[in-house]
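Below is one structure; the comments refer to it alone.
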Amino acid sequence: MSGTQAVTATPVQLPEQSTSIGSRRNRKRKHDPTAKSPMWVRIVLGLICLAWVIPTFGLAVTSFRAKDDAATSGWWTIFTTPSNFTRLTLKNYSDVFSQTDMGEAFVNSIAITVPATIIPILIAAFAAYAFSFMQFPGRDLLLIVIVGLLVVPTQVALVPLLKIYGALGLNGTLPAVWLTHIGFGMPLAVYIIRNYMSTLPKEVIESAKIDGASHFQTFWRLILPMSTPVLASFAIFQFLWVWNDLLNALIFAGQNSPLPVSLNRLIGSEGQGWQLLTAGGLFTMIVPIIVFLSLQRYFVRGLTAGSVKG
Amino acid sequence: MTIKILNAIIAVVGGVLGAIVLYWLLNKLAELLPGRWEDRVKPYLFLLPAVAAISLYLIYPAIQTLIYSFANKNSTAFVGFDNYTSLLKSQNFQNTLFNTLLWIIIVPAAVIVVGLLIATLADRLGPRGEKLSKTLIFLPMAIGAVSAGAIWKFVYAVRPPGQNQIGLFNGIFTGLGGDPVNWLQLSTLRFNSLLLMVMLLWMQAGFAMVLLSAAIKGVPTETLEAARLDGAAEGTIFFRIVVPQIRTTLITVFITVLIGVLKTFDIVYVMTNGRSKTNVIAVDFFNQLFTNRNNGNAAAIVVMLLIIMIPVLVFQVRQFRAEEAAR
């Protein structure tokens, strides 16, 4: 996990019911539940929210402004100068596709993100099953190595991987990027899924064994379906992480640049027009934001994955 | 373009099917073994693909990087500790280390303070207000660092005096009568680094808020009521009763943000590429590798990063063992 994506690696103790944003406890926690929240609380929080939203809002507004407008006046002038407001246009979005490689980058992003998200799930789930339900020498040591690797910066692997890929002729191809993400995401995948599986009731396994089911059948028929929530939360994590990754894409993707690399090029050539940069920026964010908003519940559950106690 | 999409589909279908077939085969293989051995071998077969991926992508390269760090820029001859000594002596790298230290000291603490503030305030709102404000603050987590770079370029942008400012900061600053400032070149007191840290704070405060808010909700109401009956002030209640009870979560958030900070690459790379004294260790690594084409220095930098992380690693493992013992 290089970059800035945060992922909890340490188990947290949290109550189970608080795994979704804004969830309320059944018990009333305020001393006077009928009282409205004090005005100052609403004002301070409102100001914080405003500060959090305004930067993104500025980008969104600019993405609809004509080139000259965007270069010669601040985006906030659309509220003070009516003529600036009426000149808003969708042209930047069509220009982003015709004048830059963002369209192709979008395809590359999909082609990298989908395999990098889906393939590691099954592999990690099998390993997590072994860690949770099987006894074997070296189990604890292996698990501790994996926990340790959660902390290790993935930069340690880049120089040797460049050499290995170079020898295999993989540098600059899409598989080079998604294979790397699978490798780098594996410790977290195993860790999160194992934490969840080890909270599943052991009796289920025992009774399946008595009924004559093999480990393979138990995994397939019982444990994997029971683990869907954690598989989903890992998938969302990995998706956001791979979609937004710049470092590995810069190093391994070559000509097949995904969105962050193309957007970074636009940022570097800002002189040619801010308006393309803003449209491109919004275009890059749209997929992760949709994924995030629609699957927020799983995402939050993933954040607290270590905490789900059986 | 269609070829790429097709390739991706083939990769996904092939990858998943391949994995299923592989496990089925491994399982069959284990079942061929006589009774006892089947149970002994099977766990390792289930682990094999994951462990192979981890070994190939993390463990082997880490060892290789350690070796490269003692070799010259093309990794053709060993040079002993030369990479380390020349880096540590150079003014630029000392500067980079100093910046990294600032990030380590400031960002995790700031993220926790802001996250805790928002969590505490939002908890006092009605359900709808709470959900809305939390979603707005959490959203930057989904926005990647490069998109965040595009967003914040518009906050920090500068135009020469006399022209209309298009950046928000300079818009406000000149509106108040000041001269436009090139914020990202303002290295006095590392102010530009602070502005980059604000971006990371903006991206991560929501994460801290979600975890801390869940922990605060878990504090038993009885302890709060008892303190109120005893006449404790709200501030005292917060620091003496709430904070001790959410200690574990505070530590988790701190460690997670710390790990994120140490690996911070994209924000600095996109915004300044380390110019104007804003360089940090992960960006320096990238530039040693690709701009200077110096494998030795690049490897030595990551090894130093790894050394900085050892205390975190030890802590993490101990925390994990304590958790396991408590299960």
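The residue list B:Val210, B:Val198 contains one member that is of a type in the set (Val, Ile, Thr), surrounded by fewer than 24 Cβ atoms within 10 Å (Cβ to Cβ), farther than 22 Å from A:Val261 by Cα and under 29 Å from the mean Cα position of the chain (by Cα), which is B:Val198.
Taking segment B:34-135 and the helices (runs of 4 or more DSSP H) fully enclosed by it, no element has 2 or more residues that are away from chain A (no Cβ under 12 Å), within 30 Å of A:Gln217 (Cβ to Cβ) and of a type in the set (Val, Ile, Thr).
Among the numbered conditions (1) more than 22 Å from the chain's Cα centre (by Cα); (2) at pLDDT below 90; (3) at the interface with another protein chain (Cβ under 8 Å from one of its Cβ atoms), the only one that A:Thr100 does not meet is (3). When A:Ile119 is tested against the conditions (1) within 9 Å of another protein chain (Cβ to nearest Cβ); (2) surrounded by fewer than 18 Cβ atoms within 10 Å (Cβ to Cβ); (3) out of contact with any Phe, Trp or Tyr (no Cβ under 6 Å at 6 or more places or on another chain), the lone failure is (2).
Taken over segment B:247-258, residues that are within 7 Å of chain A (Cβ to nearest Cβ), under 22 Å from B:Phe285 (Cα atoms) and surrounded by fewer than 24 Cβ atoms within 10 Å (Cβ to Cβ) amount to 0.
In the set A:Ala128, A:Ala167, A:Ala111, A:Ala176, only one residue is more than 8 Å from chain B (Cβ to nearest Cβ), of a type in the set (A, V, I, L, M, F, W, C), more than 24 Å from B:Leu313 (Cα to Cα) and surrounded by 19 or more Cβ atoms within 10 Å (Cβ to Cβ); that residue is A:Ala176. B:Leu139 meets all of the listed conditions (1) hydrophobic (A, V, I, L, M, F, W, C); (2) surrounded by 21 or more Cβ atoms within 10 Å (Cβ to Cβ); (3) in contact (Cβ under 8 Å) with a residue 40 or more places away in the chain but one, namely (2).
Screening B:Pro244 against (1) under 15 Å from B:Ile118 (Cβ atoms); (2) more than 9 Å from chain A (Cβ to nearest Cβ) leaves a single unmet condition, (1).
Each residue in segment A:181-197 was checked for being more than 7 Å from chain B (Cβ to nearest Cβ) and either modelled with pLDDT under 90 or touching a helix residue (DSSP H, G or I) at 6+ places or on another chain (Cβ under 7 Å) (or both), and 10 of them qualify.
The values are calculated or read from the model by the stated rules, or taken from the named source; none is laboratory data. Please read all numbers here as calculations on a predicted model, not as lab measurements. Reconstructed Cβ throughout: ideal geometry from the backbone, glycine too, with neighbour counts over all protein chains shown.
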